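Let me begin by presenting the structure, written as structure tokens, before commenting on it.
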Amino acid sequence: MSERICAVVVTHNRLTLLQECIESLRNQTRSLDEIIVVNNDSKDGTKEWLNKQKDLTSIHQENLGGAGGFYNGIKAAYEMGYDWIWCMDDDCLPTAISLQQLLDFRKNDFTILNSFILSKTNKFKINFGFFDYAEKVFYDNIDQVSGKTFLHGAGFFNGTLFSRKAVAKVGLPNPKLFIYGDEYEYYLRYLKNDIDILTVTSSIVYHPEQRYKYFGKGKLFYRFNYLNDLGVKYFPRNIMAIWYYYEEFTFRKLVKTYFCDLAGLLFIQKKIRLVLKYVFAILSGVLFTLKNEIG
């Protein structure tokens, strides 16, 4: 019997981007057996549009963030018996052969395979940048990975292909994290379970370019990601809990992250309101870390 593959897309108030994503999924050279869309209480007409799409399976729920969205989406696909589950946010735009390229690269039923995320507006730029955890090298341009068929690591939920067997071993995403760090925790959980994670460079997914600035070099290198209200609320809290649970916590590492983010918010984004929210989130992170076992 042939393997069955389901896509899971999580959306919140981005109908136009969702429609582009769905159209690209419909046009895959390896047709998907089902597309599940988890709608996080969108108010922009998403629910009405989804209800008219006869080829989509829709889950309408309160806004549980990306974490709660992928928790319920992957859970639904797993319970439906799918062999492979391809996960992405609503702003992802895979090329027609993206899925097939991942399937052609499979080595076993446990290795996690991810598409290569490039900027939608600058197709030579690696969106988010890429840190290869095996080679300990950071890349931000496709010229730097010329000739490489794969990289070690991935940006989860941006074209991530999970096998049923891997999900059965590792479990579902943690809905407590809501957003900003949920994908990173899930990524670390697979590594903790000795499951390889590879990005396949021939499987392209385009994504709106992220805004960030670089600080320093070597051990002082830091990439500041521009943060919004949700970012300053959840990232400081979540990253503390994640590092603590996965034994990656060091006081120096945490101080560097918080200091650079606060400096970026103050001197680059110039938003004192977000600085104050970030500080409050650090304090709430202590309580969150002590109360929750997140893995």
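Please treat every number below as a calculation from the coordinates, not as lab data. It should be emphasised that the depicted structure is a prediction, and the values quoted were computed from it without experimental measurement. Cβ placement follows ideal geometry from the backbone for every residue including glycine, while neighbour counts extend to all protein chains displayed.
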Please report, in debye to the nearest 20, how large the charge dipole of the chain is about its Cα centre when each Lys and Arg carries +1 at its beta carbon and each Asp and Glu carries -1 there.
-> 1020 debye
Helix-only [θ]222 nm of the chain, DSSP H runs n ≥ 4, -39500 (n - 2.57) each, per residue, nearest 500 = -11500 deg cm²/dmol
Gyration tensor verdict on the stretch 1-68 (Cα atoms; rounded if a/c is under 1.5, prolate if a/b is larger than b/c, oblate otherwise) = prolate
Whats the longest run of the chain with zero trypsin sites (Lys or Arg not before Pro) that are DSSP loop and have at most 12 other Cβ atoms within 10 Å?
-> 137-210
In the chain, what % of DSSP beta bridges are antiparallel (nearest 5)?
-> 45 percent
Say we join alpha carbon atoms closer than 10 Å with springs in a Gaussian network model of the chain; which of 266, 220, 113 then has the biggest fluctuation?
-> 220
Given DSSP loops and a limit of at most 15 other Cβ atoms within 10 Å, what is the longest stretch of the chain that contains no such GluC sites (Glu not before Pro)?
-> 136-208
For the stretch 179-255, shape from the Cα gyration tensor axes a ≥ b ≥ c, cut at a/c of 1.5 then a/b versus b/c, turns out rounded
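Between residue 215 and residue 29, 0.36 nm times their residue separation minus their Cα-Cα distance comes to what?
Computed gain between residue 215 and residue 29 is 62.8 nm.
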Rounded D (µm²/s) - the chain, Kirkwood Rh over Cα pairs, Stokes-Einstein at 25 °C, 0.890 mPa s = 124 µm²/s
Using only the Cα atoms of the stretch 212-291, build the gyration tensor, take square roots of its eigenvalues as a ≥ b ≥ c, and label the shape rounded, prolate or oblate: rounded if a/c is under 1.5, else prolate if a/b is larger than b/c, else oblate.
-> oblate
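Within a Cβ distance under 14 Å of residue 134, other residues only, what is the Lys/Arg minus Asp/Glu net charge?
Around residue 134, the charge tally is -2.
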